[in-house]
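The values are calculated or read from the model by the stated rules, or taken from the named source; none is laboratory data. Every value quoted in this text rests on a predicted model; they were computed, and no experiment measured them. Reconstructed Cβ throughout: ideal geometry from the backbone, glycine too, with neighbour counts over all protein chains shown.
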There are 2 protein chains.
Amino acid sequence: MTGAEKRRTARISQILDAAAHCFVEMGFHRAGMAKIAARAKMSPGHIYHYFESKEAIIAAIVDRESARAAERFAEFDAVDSTELASVMTERAVQSIAEKTDILQSVLNMEMLAECQRNPEIACIIHKHDRYVRDQLTHLIRDKLGLDLAEARTDMMMVQFSGLANRLLRNPDLDLQNMVVLMRQTMMAILSPTLGHEAK
Amino acid sequence: MTGAEKRRTARISQILDAAAHCFVEMGFHRAGMAKIAARAKMSPGHIYHYFESKEAIIAAIVDRESARAAERFAEFDAVDSTELASVMTERAVQSIAEKTDILQSVLNMEMLAECQRNPEIACIIHKHDRYVRDQLTHLIRDKLGLDLAEARTDMMMVQFSGLANRLLRNPDLDLQNMVVLMRQTMMAILSPTLGHEAK
């Protein structure tokens, strides 16, 4: 990466972080480009040089999330298939701690609410969700050889978004005991017999 | 209930429904009292006769939710304790269908995002959450005689809010297979041995 590229990447990252803070602090509608610029300590013109609209900034924030997810899935793809279920479970339990990142959780709520009003944002969110699901489903179906791969994927994702939601609703959440229960729930979702007795 | 009381109750219900629609369609900030009044087909003055602010309307919407939750928990309290785990599970699975109510899910996202900006709304949400948790924890601890009652309660609530979240993120969600997995996950959360092997 050249010096100019590095500066560009740093600038973009600075704008995305500023925008995320503004969306959470004032809501999507009140966080205009001028406010995002002020928070990023740039001129509005400078921001427009990188992003033409708030929607373009949201798309970039979600793309950054997708790139991070892709890195995690690449790690899983390198793991031996006999180890994969437990590695995925441990990684999932570990990310419970990351979900204590209230900023990201609130940003997700804000974007999901906006999703219903703004088809452009709905499209960004649904595309990201499909991308993450496809990778997780591939691991569950092709590496673990499990059936009901789509439903298991959605159940794993229920755990993460549900937990993020609980952290906002219950400020006294007992994370330590939750991790114990979560670990066994994740193992159950990846168990070959899950879903069969009840059919 | 007298005729006047019935009319009052109907008016309040009409306002709460109109407000819920406005909050979802335009977001909390843009849904002013005048817009809520127009949607409820009342004059703004008439609305202020019942509610002094948007926050008071939100508190009433959440109180209505709490009253509905209390009804469900009263049903559970009447069930024999040997049957309780499976009755709760079936009722939980049943309410998956209710969670397809996108309006309520989006309203919850909108309120959770607002929660971080508005301490009055945070207080309303946290109070409601504690009320629901206390009743569920009472059933799990005192009726089912299970340990880790608070953590099991939170894990059950993770399933519901997580599922509501998935319905918004994945419009193609396969609810039928999800219900099968969800039933076994709920039974696992209420199992006496859950949480013990991993300790």
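In the list B:Ala40, B:Ala31, B:Ala4, B:Ala10, which residue meets the criterion of being in contact with a Phe, Trp or Tyr (Cβ under 6 Å, 6 or more places away or on another chain), not polar (S, T, N, Q) and not assigned by TED's automatic domain parsing to the domain that holds B:Met111? Let's see the steps before the verdict.
On the way: B:Ala40 fails: in contact with a Phe, Trp or Tyr (Cβ under 6 Å, 6 or more places away or on another chain); B:Ala4 fails: in contact with a Phe, Trp or Tyr (Cβ under 6 Å, 6 or more places away or on another chain); B:Ala10 fails: in contact with a Phe, Trp or Tyr (Cβ under 6 Å, 6 or more places away or on another chain).
Being in contact with a Phe, Trp or Tyr (Cβ under 6 Å, 6 or more places away or on another chain), not polar (S, T, N, Q) and not assigned by TED's automatic domain parsing to the domain that holds B:Met111 holds for just one of B:Ala40, B:Ala31, B:Ala4, B:Ala10, which is B:Ala31.
Out of A:Gly145, A:Gly162, I need the residue that is more than 9 Å from every other protein chain (Cβ to nearest Cβ) and either in a helix (DSSP H, G or I) or in contact (Cβ under 8 Å) with a residue 40 or more places away in the chain (or both). Which one? Give the derivation first.
On the way: A:Gly162 fails: more than 9 Å from every other protein chain (Cβ to nearest Cβ).
The unique qualifying residue is A:Gly145.
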Which of the residues that make up the range B:148-159 are of a type in the set (Val, Ile, Thr) and more than 7 Å from every other protein chain (Cβ to nearest Cβ)?
B:Thr153
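Can you name the residue in the range A:27-46 that is of a type in the set (Gly, Ala, Ser) and within 14 Å of chain B (Cβ to nearest Cβ) and, of all such residues, is farthest from A:Ser13 (Cα to Cα)? Outline the logic, then answer.
Within the range A:27-46, the subset of a type in the set (Gly, Ala, Ser) is A:27, A:31-32, A:34, A:37-38, A:40, A:43, A:45.
Then drop every residue that is not within 14 Å of chain B (Cβ to nearest Cβ), which leaves A:27, A:31-32.
On the way: A:Gly27: 20, A:Ala31: 17, A:Gly32: 18 Å.
Here the residue is A:Gly27.
Of all the helices (runs of 4 or more DSSP H) wholly in the range A:21-125, which have at least 1 residues that are free of Cβ contacts under 8 Å to residues at least 40 places away in the same chain and of a type in the set (Phe, Trp, Tyr)? Steps first, please.
Values: elements: A:33-39, A:44-50, A:54-77, A:81-98, A:102-115.
In the range A:21-125, the matching helices (runs of 4 or more DSSP H) lie at A:44-50.
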For the range A:83-135, which residues satisfy the criterion of being of a type outside the set (A, V, I, L, M, F, W, C) and over 15 Å from the mean Cα position of the chain (by Cα)?
A:Glu83, A:Ser86, A:Thr89, A:Glu90, A:Glu114, A:Gln116, A:Arg117, A:Asn118, A:Pro119, A:Glu120
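With respect to A:Ala85, determine if the residue is hydrophobic (A, V, I, L, M, F, W, C) and modelled with pLDDT of 90 or more. Talk me through it step by step, then tell me what you get.
Values: hydrophobic (A, V, I, L, M, F, W, C): yes; modelled with pLDDT of 90 or more: no.
Answer is no for this residue.
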Looking at (1) at pLDDT below 85; (2) assigned to a helix (DSSP H, G or I), can you tell me which one B:Thr185 breaks?
(1)
Quick one: is B:Thr153 of a type in the set (Ser, Thr, Tyr), assigned by TED's automatic domain parsing to the domain that holds B:Asp80 and either more than 15 Å from A:Asn165 (Cα to Cα) or assigned to a loop (DSSP other than H, G, I, E, B) (or both)?
no
